[in-house]
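These notes concern the structure reproduced below.
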Amino acid sequence: MSSMACKIINRLWIASMRHQYYSFQRSLFQIGQVQTDYLQRLLAENSNTEYGRKYGFSGIDSIKEYQNKVPLSKYCDYTEYIELIAQGQKGILTHDRVRMFEPSSGSTSASKMIPYNKALKKEFNRAISPWLYSMYHNNPQLLDGKAYWSISPAMDKPEKKGELKVGFDEDSDYLGFWGRSLYNQISAVDSSLANEYDLETFRNKTLARLLLCEELSLISIWNPTFLTLLLDHLLQNKEKVLSEAIKLCRDKQNSRLDKLKDMLSDISEKQGLQGIWPNLTMISCWKDGMCQFYANQLSEYFPDTETQGKGLIATEAFVSLPFLPGRDPVLAVNSHFFEFIDEANGQIYLADELVVGKTYSVIVSTGGGLYRYQLEDIVEITGFIDLSPTMRFISKSGHISDMMGEKLHERHVKDCFKQAFKKYNMQPEFFLLTPIKNENSGVRYCIFLQDRSLTQKKVDDFLLDFDTMLRENFHYDYCRKLGQIDNPALFQISSDGLNTYHKEMLTRNIGQGDIKPMCLDHHSNWDQLFSGAYYTITEE
């Protein structure tokens, strides 16, 4: 693939998004009307579905009436509908045929299955296109290079739920690209690696392709740890990766290979990696919430490369997108219908009623068949672009831990404890699950447990079983497979577990009468508070 051909394809691809970009730009001035028009179309198109008939979509003629007739919902309200869709029944949530399910973790179940149809894909593209057009327009040097769009290893054989496929074939499916062949021509890593099931092989092959791509200008990933783990693997396995790169080259005297051999032999620290990709202009990844700390670490690897924060993108909906340089992501005003619960007073507001400095929980109604659906994402309003709010993701609402994208919910964790205690006939005096830093500055989860019946044999079996139960959560399981989260540990508390817990809660300004023991906490300082000792398990 010649450099000129790559530049031409890049420009044609981005030019194809110009219409969506300007349409979105106009929407920023007309947020109220755009949101009203979207809701009217959504209700009209789905009035004859089972859900639409139940709540009288055909008779709703205003936002107020929609809010009065249709209740707020969570995933548990859709499980029966999802089962009907999986059985092949049509017209359940949407008039548009469901083509697949995309898995995500949930608070009331280990994993959710979100229906995807053509309408929802179009709604995602209404946000993806202006984001990409803006990014390339404001950084034209990106047009002259290749990009690495995060390709995730398959890990497991393709699954089905009922008659429908589960999961996208690859992350690049989000991009709405013209075709896989053209995508492969401007991508630093070809899409075939999405079918690689062995993680080490996946990393070696991915890195080999990246090493050979001197013109790499953009890296787009989700969690920043995906990239740091990949780069750390390169530093620790230079010979293996270089050997894989040699296999890819028909000409063993490839000049790039000769340079790579010299550069890699001199690199021992993170800072040396910048020279391998001198044209790397931008890294796009999550930067808000718990990802902020890990995104900041990317500057240790690429001090001369800009890191752009992605907006809030959930499996169920595209909430916000980067649009103007130096500004927080702006609401994806023409993608879905949005409502917001004020965290301070519990009142519900529309997208054109938000106040700077306040925090809200996001509610969405989408063409995918979710109506007044509570995402449980908390955002802070930071300003406006024209009349549309900019926002920053703060955290998930409720009791949740999300260090690496694992999204562990307390209700699921509670069920895991309940099952494990029953199986091992345990009656602990105190228990708590929290994330901790391990010896390699990575993350693992630790069970803080006060139980006199513990033995080393019981601990080993208990941890293995508990980890298996946690891995029923799709995202936790995926983070474990990628190595973003290590195998769990157990800290045996010697005494005063509950008392220590209460004292810590008091330091968080929680009144004595308001302290409720939880089984999940996202703070990571508990090993400094409890007295006792660690146990760990070693994977085979």
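Observations, loosely collected:
- In the set LEU264, LEU235, LEU229, only one residue is under 19 Å from TRP149 (Cα atoms), assigned to a helix (DSSP H, G or I), among the aliphatic types (A, V, I, L, M) and touching a residue at least 12 places away in the same chain (Cβ under 8 Å); that residue is LEU229.
- Taking the criterion of being over 20 Å from ILE82 (Cα atoms) and touching a strand residue (DSSP E or B) at 6+ places or on another chain (Cβ under 9 Å), the residues of region 37-66 that qualify are TYR38, LEU39, ILE63, TYR66.
- Residue count for region 187-198 under the criterion of being modelled with pLDDT of 80 or more and in contact with an Asp or Glu (Cβ under 7 Å, 6 or more places away or on another chain): the result is 0.
- Of note, ALA86 does not satisfy the criterion of being touching a residue at least 24 places away in the same chain (Cβ under 8 Å), small (Gly, Ala, Ser), assigned by TED's automatic domain parsing to the domain that holds CYS213 and farther than 25 Å from SER397 by Cα.
- Here region 210-225 is the region considered, the condition is being touching a helix residue (DSSP H, G or I) at 6+ places or on another chain (Cβ under 7 Å) and part of a helix (DSSP H, G or I), and the residue that is surrounded by the fewest Cβ atoms within 10 Å (Cβ to Cβ) is PRO224.
- Looking across region 435-487, the residues that are of a type in the set (Val, Ile, Thr), at pLDDT 90 or above and farther than 16 Å from ALA533 by Cβ come down to THR468, ILE485.
- The test for being under 26 Å from TYR136 (Cα atoms), polar (S, T, N, Q) and in contact (Cβ under 8 Å) with a residue 60 or more places away in the chain does not hold for GLN292.
- Test result for GLU306, surrounded by fewer than 16 Cβ atoms within 10 Å (Cβ to Cβ), out of contact with any Gly (no Cβ under 7 Å at 6 or more places or on another chain) and modelled with pLDDT under 90: no
- Unique match (being surrounded by 15 or more Cβ atoms within 10 Å (Cβ to Cβ), more than 22 Å from THR315 (Cα to Cα), of a type outside the set (Lys, Arg) and at pLDDT below 75) among ASN184, ASN204: ASN184
Conditions (1) within 25 Å of the chain's Cα centre (by Cα); (2) surrounded by 16 or more Cβ atoms within 10 Å (Cβ to Cβ); (3) more than 20 Å from ASN68 (Cα to Cα); (4) modelled with pLDDT of 95 or more, marked per residue:
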{"residue": "GLN347", "(1), (2), (3), (4)": "no, no, no, yes"}
{"residue": "VAL355", "(1), (2), (3), (4)": "no, no, yes, yes"}
{"residue": "LEU370", "(1), (2), (3), (4)": "yes, yes, no, yes"}
{"residue": "TYR373", "(1), (2), (3), (4)": "yes, yes, no, yes"}
{"residue": "GLY383", "(1), (2), (3), (4)": "yes, no, yes, yes"}
{"residue": "ASP386", "(1), (2), (3), (4)": "no, no, yes, yes"}
{"residue": "MET391", "(1), (2), (3), (4)": "yes, yes, yes, yes"}
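The values are calculated or read from the model by the stated rules, or taken from the named source; none is laboratory data. All of these numbers come straight from a predicted model, not from anything done at the bench. Note that we place each Cβ from the backbone using ideal geometry, even for glycine, and neighbour counts take in every protein chain shown.
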